[in-house]
Amino acid sequence: MTPDRSTPPGGPATPTRPAEHLHLVAPSRFLTPARTTATAARVLRQLRHDPRTVALLLLVPVLMITLLRYVFDGSPRTFDSIGASLLGIFPLITMFLVTSIATLRERTSGTLERLLAMPLGKGDLIAGYALAFAAVAVAQSVLATALSVGVLGLDVIGSPWLLLLVALLDALLGTALGLFVSAFAASEFQAVQFMPAVIFPQLLLCGLFTPRDRMHPALEAISDVLPMSYAVDGMNQVLRHTDITADFVRDIAVVAGCGLLVLCLGAATLSRRTV
């Protein structure tokens with residue numbers, strides 16, 4: 001009897017069940033620590049190969065704070081009141097710019113699309129990016145806060161650790177905003193143009209130039225819903241109070257909540273077919 005040449009040695013192959021195949025490649029709906037940390041490690045490796053970006057991230061806030069200190073050399077109290085607020089604003093702005101451009105580059109180059117073709121959840125991807133840029137934000141905030149308090153003589157009544165906490169949350173908020181707006185830009189030039197639309201109104205209304213309760217009631221109402229207002233208020237709480245106040249807890253909760261909400265919105269903008 002002539003053997004059937006279509007039958008492979010060892011008998012017919014067992015067909016792969018569709019359910020098992022899907023189980024292997026389908027992304028998890030929940031965050032997977034291993035995938036999230038692997039994504040963060042990849043982003044940090046890319047940053048390591050770009051020393052100029054790392055230098056700008058770490059040194060620009062330090063140089064701006066130093067410049068501000070000597071602009072108000074004759075009035076140190078003015079530096080105390082503005083410097084503390086800027087410690088929260090600088091990390092937010094720099095992380096917004098870097099994150100929006102870096103993420104847009106990944107979208108336009110097809111890197112994000114290839115990553116999403118793998119069994120990698122959107123939450124893992126966004127959390128990995130946020131984790132990587134958060135590590136940079138920690139280094140940036142530590143440098144700026146240590147220089148301001150230890151070298152430039154920024155006088156704060158509260159704990160410098162609370163100052164660092166607010167600066168870190170502001171940097172994370174800037175990271176989340178950058179990830180989110182990168183979905184609506186078609187080029188790096190457009191990503192930079194989002195800064196006047198997203199950051200500048202908050203900068204004008206956050207209370208840095210004049211107390212918010214002295215603004216027009218309509219502008220004060222708008223400032224009440226902008227997260228940078230709470231970032232500046234949190235810095236001012238540390239500047240004026242020795243203990244943790246209820247207003248400080250409210251301020252950092254609003255900043256952290258806004259950052260988490262914007263991260264979720266950023267995950268919703270990711271598409272597995274077209275990025």
Open item on the list: Consider the stretch 90-111. How many of its residues are modelled with pLDDT of 80 or more, open to solvent by 20 Å² or more (accessible area, probe 1.4 Å) and polar (S, T, N, Q)?
Closed with: 1
Task: Complete set of residues in the stretch 207-232 that are within 15 Å of F90 (Cα to Cα) and touching a Gly at 6+ places or on another chain (Cβ under 9 Å) - done: P227, M228, S229, A231, V232
Task: the stretch 67-76, residues that are at pLDDT 80 or above and either aromatic (F, W, Y) or open to solvent by 40 Å² or more (accessible area, probe 1.4 Å) (or both) - done: L67, R69, Y70, V71, F72, D73, G74, S75
- [ ] Considering every residue within the stretch 4-21, establish whether at least one is at pLDDT below 80 and open to solvent by less than 50 Å² (accessible area, probe 1.4 Å).
- [x] yes
TODO: Go through (1) open to solvent by 50 Å² or more (accessible area, probe 1.4 Å); (2) modelled with pLDDT of 85 or more; (3) under 22 Å from the mean Cα position of the chain (by Cα) and name the single condition V232 misses.
DONE: (1)
- [ ] Tally the residues that are more than 15 Å from the chain's Cα centre (by Cα), more than 21 Å from A268 (Cα to Cα) and buried (at least 17 other Cβ atoms within 10 Å of the Cβ), restricting the search to the stretch 179-203.
- [x] 2
- [ ] Please find, within the stretch 143-175, the residue that is most open to solvent (accessible area, probe 1.4 Å) out of those that are at pLDDT 85 or above and within 20 Å of Y129 (Cβ to Cβ).
- [x] L169
Open item on the list: I'm trying to understand the selection: among the residues of the stretch 112-126, which are open to solvent by 10 Å² or more (accessible area, probe 1.4 Å), out of contact with any Gly (no Cβ under 9 Å at 6 or more places or on another chain) and at pLDDT 75 or above?
Closed with: G123
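Looking at the stretch 77-89 only, could you name the residues that are within 24 Å of the chain's Cα centre (by Cα) and open to solvent by less than 30 Å² (accessible area, probe 1.4 Å)? Before you say what the answer is, go through the steps one by one.
Going residue by residue through the stretch 77-89, those that are within 24 Å of the chain's Cα centre (by Cα) are 82-89.
G83, A84, S85, L86, L87, G88, I89 - these are the residues of the stretch 77-89 that are within 24 Å of the chain's Cα centre (by Cα) and open to solvent by less than 30 Å² (accessible area, probe 1.4 Å).
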Task: Check on A135, touching a helix residue (DSSP H, G or I) at 6+ places or on another chain (Cβ under 7 Å) and either assigned to a loop (DSSP other than H, G, I, E, B) or within 19 Å of Q46 (Cα to Cα) (or both) - done: yes
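The values are calculated or read from the model by the stated rules, or taken from the named source; none is laboratory data. Remember, predicted model here, so these are calculated numbers, not experimental data. Counting neighbours? That spans all protein chains shown, and the Cβs are built from the backbone with ideal geometry, glycine included. SASA here: full protein model, heavy atoms, side chains in, ligands and nucleic acids out. Shrake-Rupley method; radii C 1.70, N 1.55, O 1.52, S 1.80 Å.
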